[in-house]
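Read through the structure below, which is laid out as structure tokens, and then see the notes.
Rule-based calculations on the coordinates, nothing more; no lab input. Keep in mind that this is a model prediction, so the values were computed, not measured. With ideal geometry, Cβ positions are generated from the backbone for all residues, glycine too; neighbour counts draw on all protein chains shown.
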Amino acid sequence: GKCAEACQFGALSVFDTGVMVFESLCHGCGLCTFVCPEKAITERPKVIGKVKTGRIDQKIDFGMGILEIGEPSPVRVIRKLKENIDRNKVVIIDSPPGTSCSVVETLRKVDFAILVTEPTPFGLHDLKLAVKIVREMEIPFGVVVNRDTGSYTMIDEYASEETIVVLERIPFDRSIAEAYSEGKLFTETSPSWKIRFKELAEKIFSSSGVS
């Protein structure tokens with residue numbers, strides 16, 4: 001029963017009639033194999049997801065991680081995907097929202113974090129949690145306010161109190177919504193935004209020291 005006692009994730013249960021393994025809870029750390037005095041446990045490979053890479057055009061490479069249905073944790077898929085990063089290039093990693101393990105793994109070893117929020121009480125709540133994470137990980141960061149209407153000021157008040165830089169504001173605009181509902185980049189339909197995003201990138205490079 002030492003294997004079940006050592007497992008922090010509850011992936012093993014030992015009964016008088018035998019041992020049950022809950023594969024969905026197993027994190028593959030190997031501790032159960034290490035502590036078993038009878039050497040009764042053997043490990044085997046298991047597919048938990050896929051990593052796909054390709055090229056969008058001559059300038060942009062693309063990678064994505066796909067988690068198998070029913071698997072609880074995408075951390076290892078994200079970690080494997082990040083092994084394909086060319087650190088001599090500018091790389092943008094899109095993170096899931098929230099403060100889960102997958103977010104922390106996405107943030108690990110990045111040069112700069114862009115925290116995208118919306119001007120609502122829920123957006124402010126999630127922003128505060130995200131700010132706490134990037135500060136604990138000592139990652140330079142800035143905020144982009146999406147769907148900004150100009151009527152909710154709590155984001156700006158919080159940013160001012162915490163000395164947080166608001167890098168850009170994307171307005172709550174029907175033309176932008178129509179563009180992405182058709183699968184288009186709104187920089188294609190509004191060329192002025194292409195210039196603004198270029199300026200945003202330059203702000204990030206100058207503040208993070210990344211060239």
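General observations
- Against the chain, whose longest principal axis comes from its Cα atoms, helix 191-208 is set at around 60 degrees.
- Amide H contacts of Ser73 (H built 1.01 Å from N, under 5 Å, at least 5 apart or other chain): none
- Three-way shape label, region 1-118, alpha-carbon gyration tensor, a/c 1.5: prolate
- Ile85 versus Tyr158: modelled label distance in nm, points set 7 Å from Cα along the beta carbon direction: 2.5
- The chain, helix-only ellipticity at 222 nm - DSSP H runs n ≥ 4, -39,500 (n - 2.57), divided by all residues, nearest 500: -10500 deg cm²/dmol
- Lacking any other cysteine beta-carbon closer than 4.7 Å, the following Cys residues of the chain have no compatible partner: Cys7, Cys26, Cys29, Cys36, Cys101.
- Crossing angle, helix 121-136 versus the chain [Cα axis fit, 0-90 degrees, rounded to tens]: 70
- Nearby lysines by direct alpha-carbon distance to Lys39 (threshold 18 angstrom, same-chain neighbours under 8 apart not counted): Lys2
- Sorted peptide list for 111-119, 143-151, 172-180, criterion being average Cβ within 10 angstrom, highest first: 111-119, 143-151, 172-180
- Partner lysines whose Cα lies under 24 Å from the Cα of Lys109, excluding those fewer than 8 positions away in the same chain, are identified as Lys50, Lys52, Lys59, Lys80, Lys82, Lys89, Lys128, Lys132, Lys198, Lys203.
- Residue-wise HN-Hα coupling along region 26-43, computed from phi with Karplus coefficients 6.51, -1.76, 1.60 (Hz; x: Gly, Pro): 6, 9, x, 6, x, 5, 4, 4, 5, 8, 5, x, 9, 6, 8, 9, 10, 9
- Both radii were evaluated on the Cα set of the chain; the Rg over Rh quotient, with Rh as the Kirkwood radius, amounts to 1.07.
- Under the Karplus curve 6.51 cos²θ - 1.76 cosθ + 1.60, θ = phi - 60°, whole-Hz ³J(HN,Hα) for region 50-57, x wherever Gly or Pro sits: 9, 10, 10, 10, x, 10, 7, 8
- Estimated vicinal HN-Hα couplings, Hz - region 81-95 in sequence order (Karplus 6.51, -1.76, 1.60; Gly, Pro = x): 4, 5, 5, 8, 6, 8, 6, 8, 10, 6, 10, 10, 10, 8, 9
- Gyration tensor verdict on region 101-192 (Cα atoms; rounded if a/c is under 1.5, prolate if a/b is larger than b/c, oblate otherwise): oblate
- Once backbone amide H atoms are built at 1.01 Å from N, Val116 has Val144 as its partners under 5 Å, excluding neighbours fewer than 5 places away on the same chain.
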